[in-house]
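J.: Once you've had a glance at the structure underneath, I'll fire off some questions.
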Amino acid sequence: MAVYTSINSNDLIEWFKEFNPKDFVDFKGISSGVTNSNYLIMMPDLNYILTIFEHNNIEELPFYVDLMTYLVKKDFLCPKPIENNSGQALGLLKDKPALMVSFLEGKEIVTRNAKSCHSVGQYLAKLHLTTNNFPQSNKNTRGLGWMSSIYLNLKEFLPLKDQEIIELEINYHKELDKVELPEGIIHGDLFRDNVLFLNDKVSGFIDFYYACNGTFIYDIAIAINDWCIDEDGKINKIMFSEFIKGYQSERNLTDNELKYLNSVLRLAALRFWLSRLEDSHNMKDGEITSIKNPSHFKNILIDRQRMKNYAN
């Protein structure tokens, strides 16, 4: 989340003409994240989150709206898209696609521990099971092809050592890309700032805008690389163990998933290293922005390359 597109009271008044109730009390931009513009909208009775999409056209977004709507109907804790008086959730604001969703109580936890990792693992498994019968599919826009393309765009700006690391890693994953693993709808971005806690319990997953079809173990790896680490990026074995236990309390991992877990930990680290490199080399003008350090995931990748298998 971030703010690149500025809005004012008149913009919101125009937006709310399509909704009931139509009155808002106040609004403010949300600074965390780097992809879309987000605002907290304060109403007399309830609060909402308004997202203005910076990189998607409106035709690309119904999947995410339908997925969240489906999950809410299945009692999964996530934001509910709010429809206007015409029954549409998506609209245009400042000539960009926009969506308003329900505000979930809770907040990002500051200090992770074994208990919180267990809870997140358990709820991630619930997500994978809940979407089993979701009828739509969505291509992963941040797959290995994207990584290769982004790397070629960035190559001239990178030190030779970084080029070598990335090229070897991409080639390594080209061989593994053929491995068959259980798959379905994944969150694709389950970092700490996308999980809310209330009274020490998960109160919701948010920011589903990288959700797509993918392997479940890749979704697990993305989460582990952020949730189950010490400050230096190395895996915290206790938090890792509890995350896996939490996940397997809902869905058992296959032998093949455990076998390839370390490989997908590497793939997830590569993706977010490249993503942050792209953000840092293509900084956008914004009212409120948050650019994260690419070296964090470079160090995570190097650490994961040294390990054989965390699941053993």
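J.: Checking K94 against (1) touching a residue at least 12 places away in the same chain (Cβ under 8 Å); (2) at negative phi, which single condition isn't satisfied?
T.: (2)
J.: Let me ask you something else. Which residue is farthest from G121 (Cα to Cα), if the candidates are limited to the range 166-189 and must be surrounded by 13 or more Cβ atoms within 10 Å (Cβ to Cβ) and charged (D, E, K, R)?
T.: Ranking the qualifying residues of the range 166-189, first place goes to E167.
J.: Kindly indicate whether N252 is assigned to a helix (DSSP H, G or I) and in the same structural domain as P294 (by TED's automatic domain parsing).
T.: No; evaluated as a whole, the condition is false for this residue.
J.: Related question: Show me the strands (runs of 3 or more DSSP E) entirely contained within the range 189-244 in which 2 or more residues are among the β-branched types (V, I, T), over 20 Å from V72 (Cβ atoms) and without any contact (Cβ under 8 Å) to a residue 40 or more places away in the chain.
T.: No strands (runs of 3 or more DSSP E) qualify here.
J.: What single numbered condition from (1) surrounded by fewer than 23 Cβ atoms within 10 Å (Cβ to Cβ); (2) acidic (D, E); (3) farther than 15 Å from S116 by Cβ fails to hold for D193?
T.: Tallying (1) surrounded by fewer than 23 Cβ atoms within 10 Å (Cβ to Cβ); (2) acidic (D, E); (3) farther than 15 Å from S116 by Cβ, D193 fails exactly one: (3).
J.: Name the single residue that is modelled with the lowest pLDDT among those in the range 255-312 being among the polar types (S, T, N, Q) and assigned to a helix (DSSP H, G or I). Before you say what the answer is, go through the steps one by one.
T.: Of all residues in the range 255-312, those among the polar types (S, T, N, Q) come to 256, 262-263, 275, 280, 282, 289-290, 293, 295, 299, 305, 309, 312.
Next, only the ones that are assigned to a helix (DSSP H, G or I) stay: 256, 262-263, 275, 280, 295, 299, 305.
Values: N256: 93, N262: 95, S263: 95, S275: 93, S280: 83, S295: 91, N299: 95, Q305: 93.
Applying the filter and picking the extreme gives S280.
J.: Are there helices (runs of 4 or more DSSP H) fully within the range 60-154 with at least 2 residues that are out of contact with any Cys (no Cβ under 9 Å at 6 or more places or on another chain), closer than 30 Å to N10 by Cα and modelled with pLDDT of 95 or more? List them.
T.: 62-73
J.: Please specify each residue of the range 111-121 satisfying the condition of being in contact with a strand residue (DSSP E or B) (Cβ under 9 Å, 6 or more places away or on another chain), buried (at least 20 other Cβ atoms within 10 Å of the Cβ) and not small (G, A, S).
T.: V120
For every residue, the table says whether it meets (1) more than 22 Å from the chain's Cα centre (by Cα); (2) under 20 Å from N262 (Cα atoms); (3) surrounded by 18 or more Cβ atoms within 10 Å (Cβ to Cβ).
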{"position": "Q136", "(1), (2), (3)": "no, no, no"}
{"position": "L144", "(1), (2), (3)": "no, yes, no"}
{"position": "S149", "(1), (2), (3)": "no, no, no"}
{"position": "P159", "(1), (2), (3)": "yes, no, no"}
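J.: Quick one: is S203 surrounded by fewer than 13 Cβ atoms within 10 Å (Cβ to Cβ), more than 21 Å from K259 (Cα to Cα), modelled with pLDDT of 95 or more and of a type in the set (G, A, S)?
T.: Considered against the rule, which asks whether it is surrounded by fewer than 13 Cβ atoms within 10 Å (Cβ to Cβ), more than 21 Å from K259 (Cα to Cα), modelled with pLDDT of 95 or more and of a type in the set (G, A, S), S203 comes out as no.
J.: Here is a follow-up. Where residues in the range 10-47 are at pLDDT below 90 and hydroxyl-bearing (S, T, Y), which of them is surrounded by the most Cβ atoms within 10 Å (Cβ to Cβ)?
T.: This residue is S37.
The values are calculated or read from the model by the stated rules, or taken from the named source; none is laboratory data. Keep in mind that this is a model prediction, so the values were computed, not measured. When we count neighbours, we look across all protein chains shown, and the Cβ atoms used for this are built from the backbone with ideal geometry, even at glycine.
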